[in-house]
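Presented below is the structure to which this report refers.
The values are calculated or read from the model by the stated rules, or taken from the named source; none is laboratory data. This structure is a prediction, so every number in the text was calculated from the model and none was measured. Ideal geometry is used to build each Cβ from the backbone, glycine not excepted, and the neighbour counts take in all protein chains shown. Quick note on the areas: whole protein, heavy atoms, side chains included, nothing else; ligands and nucleic acids left out. Shrake-Rupley method; radii C 1.70, N 1.55, O 1.52, S 1.80 Å.
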Amino acid sequence: MQQPYRIRTIKEYHKILGVGGPQHPMISVIDLNEITPYKNEESIKVIFDFYLISLKKVDVGRVHLGYGQQQYDFDNGILFFIAPNQVFTFSADQDFKSSGVMLLIHPDMLWGFPLLKTIKKFEFFGYEINEALFVSEKEENILIGFIKNIEQEYHSHIDKFSDAIIISQIESLLNYADRFYTRQFLTRKISGSQLLDKLEKILNDHFDEDEIARKGLPTVQHVAGLLNSSPNYLSSVLKTLTGQNTQQHIHNKVIEKAKEKLSITTLTISEIAFELGFEYPQSFSKLFKSKTKLSPVEYRASFN
């Protein structure tokens, strides 16, 4: 299996792309028009030691991008995000040509600023490439504006204020991307009701299986895989539609099945916990009480 190639610095990536050296060692904006098109239909794997935000349009040909084994053919304007240490794959046909910009941010740029921690709240850094953000022309212009401000700042004003100004522009870009993703959840791809119906069926099938005790509780990763989604993307969609993430939906199903067994069977609490996939009855009781404010014993008694 091909080993990923690690790119450690922004300067190194500039050299690989054949563009001039960066004006700032920790942040850079690259015009995709300046890059000699990569023409190789065999995919390559790359790991970056920095954040990469790409707003791109494919003008000619097709390019295939993805994390792991998942791929997506881009023929529209899209915005996607890559965090340090994620494996990124890339291939393109012989006619491929793109336009747009890339923003490169080394994590060291964020030291001393709250964004160093808060950047982790933006779940789109964990989305698969096929869950990229499709932006309208108006949205694209807003995002390009922030990127242009960043570029202008590090080209013109390297002083004690420049880092704070650049960080504020990065934060604004990320916040707008978050807003646009919420719009996409509501307007693009599978409808909310269809997604929820599929999720309900997956959870029902899992808990109705005789082997639930052996398989254990369904994980967020397992459910997301069955829905052809990344865990972060699925949770983001569900939070937009229902106010609850994937783990909360799983827990809700656990409580629903537990109430059913407590009310219509004579199984012990330990037996119910085992049938629902819990290794320890105490874990089941703790979850049940956190969701219902009653212990399983108290619930059974109140029902009776």
Return the total of residues in the stretch 276-287 being farther than 15 Å from ASN204 by Cβ and open to solvent by less than 70 Å² (accessible area, probe 1.4 Å). 6
Matching entry among ILE166, ILE144 (being part of a helix (DSSP H, G or I), modelled with pLDDT of 90 or more and either touching a Pro at 6+ places or on another chain (Cβ under 7 Å) or buried (at least 16 other Cβ atoms within 10 Å of the Cβ) (or both)): ILE166
From the list SER236, SER270, SER290, exactly one residue is open to solvent by less than 60 Å² (accessible area, probe 1.4 Å) and not β-branched (Val, Ile, Thr). Which is it? SER236
Would you check if GLU128 is at pLDDT 85 or above and surrounded by 15 or more Cβ atoms within 10 Å (Cβ to Cβ)? no
For THR219, all conditions in the list (1) open to solvent by 60 Å² or more (accessible area, probe 1.4 Å); (2) modelled with pLDDT of 90 or more; (3) on the phi > 0 side of the Ramachandran plot; (4) not acidic (Asp, Glu) hold save one; what is the number of the exception? (3)
Which condition breaks for PHE88 when tested against (1) at pLDDT below 85; (2) more than 21 Å from the chain's Cα centre (by Cα); (3) assigned to a strand (DSSP E or B)? (2)
Of all the residues that make up the stretch 23-54, how many are over 14 Å from ILE105 (Cβ atoms), surrounded by 15 or more Cβ atoms within 10 Å (Cβ to Cβ) and at pLDDT 85 or above? 3
Flag if LEU173 is open to solvent by less than 20 Å² (accessible area, probe 1.4 Å) and either within 18 Å of ASN228 (Cβ to Cβ) or not charged (D, E, K, R) (or both): yes
For the stretch 234-248, check the following and say yes or no: at least one residue is in contact with a Ser or Thr (Cβ under 7 Å, 6 or more places away or on another chain), within 21 Å of ASN130 (Cα to Cα) and not in a helix (DSSP H, G or I). yes
For residues in the stretch 250-267 being aliphatic (A, V, I, L, M) and part of a helix (DSSP H, G or I), which is most open to solvent (accessible area, probe 1.4 Å)? ILE264
